[in-house]
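Chemist: Dumping the structure here so I can ask a few things about it.
The values are calculated or read from the model by the stated rules, or taken from the named source; none is laboratory data. The structure displayed is predicted, hence computed values, not measured ones. Glycine gets a Cβ as well: all are built from the backbone with ideal geometry, and neighbour counts include every protein chain shown. With ligands, DNA and RNA removed, areas are computed over all heavy atoms of the protein, side chains included. Shrake-Rupley method; radii C 1.70, N 1.55, O 1.52, S 1.80 Å.
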Protein chains: 2
Amino acid sequence: MIKIQQNTLYGEAAARIRDMINEGLLLPGARIPEKRLCEQFGISRTPLREALKVLASEGMVELLPNRGARVMRLTRQTLEETYSVMGALEGLSGELACRYITEEEVADIQALHYQMMAHYKRKEIRPYFEFNQRIHDAIMLASRNEVLRETHSSLSYRIQRVRYSTNMIDEYWKQAVADHEAMIDCLLDRDGERLGNILREHLRHKLVVAAASGVIDDDRAASS
Amino acid sequence: MIKIQQNTLYGEAAARIRDMINEGLLLPGARIPEKRLCEQFGISRTPLREALKVLASEGMVELLPNRGARVMRLTRQTLEETYSVMGALEGLSGELACRYITEEEVADIQALHYQMMAHYKRKEIRPYFEFNQRIHDAIMLASRNEVLRETHSSLSYRIQRVRYSTNMIDEYWKQAVADHEAMIDCLLDRDGERLGNILREHLRHKLVVAAASGVIDDDRAASS
DNA sequence: AAAGTGAATTATGAATACAAAACAGCAAAA
DNA sequence: TTTTGCTGTTTTGTATTCATAATTCACTTT
């Protein structure tokens with residue numbers, strides 16, 4: 001939620017730790033080694049501790065008084081809950097976008113859609129996801145609701161570490177593409193109610209392809 | 001979003017500053033006087049600065065590098081946007097609550113509703129709002145989605161400073177009460193779709209009675 | 001009178017020091 | 001062998017100090 005202060009040491013430190021978490025260099029449940037990170041970043045403990053407060057507020061780490069900070073575990077249940085909330089937020093973004101979007105914006109989203117479809121046909125999953133994300137970002141921007149965008153972004157950031165199976169299930173992918181085609185139609189028709197419904201359901205399928213990496217099943221969480 | 005660490009100085013300081021903001025002792029747009037607050041709280045600058053990082057992440061203050069912190073202004077537009085997002089979240093909570101709620105929980109909400117109605121009949125607005133809030137909290141709890149509850153709570157906290165006209169418009173109040181009666185019916189019927197729709201629209205009316213105190217009209221924001 | 005410049009003062013960000021809590025290892029007692 | 005207590009070390013939270021940036025004030029120039 002906080003704008004990242006990239007010209008402050010604590011802001012830079014927070015960004016680096018965030019990256020380390022998302023790249024798996026700091027594992028879920030692992031203690032944050034303050035001293036080592038200070039040496040690694042070449043800074044004193046003060047901005048590093050401030051960075052940890054920021055990261056705690058983002059839900060990336062949890063602070064345990066007198067015991068330091070740990071990387072927040074992401075359970076499959078939390079992921080489900082997060083997708084559910086994000087679905088509601090994206091549903092709202094779709095309704096609002098149909099109310100405020102301009103012709104230029106619709107055309108831009110269409111272009112992004114065609115680019116995404118090209119990658120779909122070529123089975124290029126990474127660029128597919130990138131264009132997919134850009135479409136969703138554009139819809140969110142067209143909603144003209146900054147609080148909505150920030151709230152959604154905050155949740156999205158928290159699950160960024162989730163990896164998706166690169167051996168995607170064709171069924172999922174086909175459903176996702178069908179959703180996107182319907183989304184374009186709704187934008188063209190300015191059918192906010194229908195777009196809202198599609199977006200509310202759209203994320204449900206994503207859980208199927210969330211790979212075990214980065215996510216802890218509830219069974220495993222209980223046993224440790 | 002961060003769990004308040006009440007047994008740490010920074011946590012205590014954050015809570016105090018938050019209260020001061022919500023009580024109008026620190027005004028929107030006002031500079032946070034670090035030195036004075038340290039003297040007032042009897043602590044050093046370190047935990048106070050850490051507290052400010054926490055508050056920035058909550059959206060209560062904004063941090064300006066080398067210029068200190070300011071209390072975040074709350075514009076009417078931001079309030080509208082926040083209500084819109086909260087409406088979507090409460091809509092989801094209603095849908096989920098109808099899926100998971102127990103008979104005991106429904107009965108408890110009914111009891112809260114009767115207590116709220118008693119205060120409505122007596123025109124006692126403050127206790128009315130308190131029971132109103134407890135009903136919404138209970139529905140949110142029945143949703144069994146912790147991410148949803150925390151996200152909603154985080155937004156709710158940010159607008160806590162908003163004061164509502166004590167000279168409430170009868171029309172608004174009557175509509176709110178009608179909504180609540182319909183909500184109880186939906187819970188009894190486990191009609192999640194209808195409850196979700198009611199809750200999505202429910203907050204829209206609240207904007208009408210938001211008093212000028214604590215909120216800056218966009219015209220005023222532009223002139224300063 | 002208004003604008004510009006330089007010095008002094010204040011505020012801010014970060015580094016360092018200090019005190020307390022937690023942890024790890026070892027020895028003694030049960 | 002297991003448990004408890006003690007000691008030393010490490011980590012954590014906070015206070016203090018230092019360096020830098022921003023602001024204010026006073027004086028000079030236009």
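Chemist: Can you list the helices (runs of 4 or more DSSP H) found entirely within region A:1-84 that contain at least 1 residues being among the basic types (Lys, Arg) and within 13 Å of DNA strand D (Cβ to nearest atom)?
Modeler: A:34-41, A:45-57
Chemist: Would you mind stating whether B:ASP170 is more than 17 Å from the chain's Cα centre (by Cα), more than 30 Å from A:THR75 (Cβ to Cβ) and of a type in the set (Asp, Glu)?
Modeler: Judged against the criteria, B:ASP170 is a match.
Chemist: Could you grab the pairs with beta carbons closer than 7 Å, sequence gap of 6+ or different chains, first residue in region A:142-153 and facing chain B (nearest Cβ under 7 Å), second one open to solvent by 40 Å² or more (accessible area, probe 1.4 Å)?
Modeler: The qualifying pairs are A:VAL147/B:THR78.
Chemist: Another one. Do the conditions hold for B:GLY196, that is, is it in the same structural domain as B:GLY94 (by TED's automatic domain parsing), at pLDDT 85 or above and open to solvent by 10 Å² or more (accessible area, probe 1.4 Å)?
Modeler: When the stated conditions are applied, B:GLY196 does not pass them.
Chemist: Suppose the filter is touching a Gly at 6+ places or on another chain (Cβ under 9 Å), of a type in the set (Lys, Arg), part of a helix (DSSP H, G or I) and more than 9 Å from chain B (Cβ to nearest Cβ); does A:ARG99 pass it?
Modeler: It is true that A:ARG99 is touching a Gly at 6+ places or on another chain (Cβ under 9 Å), of a type in the set (Lys, Arg), part of a helix (DSSP H, G or I) and more than 9 Å from chain B (Cβ to nearest Cβ).
Chemist: Report, by residue number, each residue of region A:65-83 that is farther than 19 Å from A:GLY24 by Cβ, open to solvent by less than 30 Å² (accessible area, probe 1.4 Å) and out of contact with any Lys or Arg (no Cβ under 8 Å at 6 or more places or on another chain).
Modeler: Result: A:GLU81, single match.
Chemist: Out of (1) closer than 24 Å to A:TRP173 by Cβ; (2) in contact with a Gly (Cβ under 7 Å, 6 or more places away or on another chain), what's the single condition that is false for A:ARG73?
Modeler: The one condition A:ARG73 does not meet is (1).
Chemist: Would you call A:GLN115 open to solvent by 60 Å² or more (accessible area, probe 1.4 Å), away from chain B (no Cβ under 14 Å) and at pLDDT 95 or above?
Modeler: For A:GLN115, the condition - open to solvent by 60 Å² or more (accessible area, probe 1.4 Å), away from chain B (no Cβ under 14 Å) and at pLDDT 95 or above - is met.
Chemist: When only residues in region A:153-192 that are over 14 Å from A:HIS136 (Cβ atoms) and acidic (Asp, Glu) count, which is surrounded by the fewest Cβ atoms within 10 Å (Cβ to Cβ)?
Modeler: By that ranking, first place goes to A:ASP170.
Chemist: Is one or more of the residues making up region A:128-147 modelled with pLDDT of 95 or more, under 27 Å from B:SER143 (Cα atoms) and outside any helix (DSSP H, G or I)?
Modeler: yes
Chemist: Only residues that are in contact (Cβ under 8 Å) with a residue 60 or more places away in the chain and more than 16 Å from DNA strand C (Cβ to nearest atom): list them for region A:24-34, please.
Modeler: Of everything in region A:24-34, those that are in contact (Cβ under 8 Å) with a residue 60 or more places away in the chain and more than 16 Å from DNA strand C (Cβ to nearest atom) turn out to be A:GLY24, A:PRO28.
Chemist: Tell me, which residue of region A:32-64 that is away from chain B (no Cβ under 11 Å) and surrounded by 19 or more Cβ atoms within 10 Å (Cβ to Cβ) is nearest to B:LYS53 (Cα to Cα)?
Modeler: Out of the qualifying residues, it is A:LEU48.
Chemist: Quick check: anything in region B:88-97 in contact with a strand residue (DSSP E or B) (Cβ under 6 Å, 6 or more places away or on another chain) and more than 16 Å from DNA strand C (Cβ to nearest atom)?
Modeler: Taking every residue of region B:88-97 in turn, none turns out to be in contact with a strand residue (DSSP E or B) (Cβ under 6 Å, 6 or more places away or on another chain) and more than 16 Å from DNA strand C (Cβ to nearest atom).
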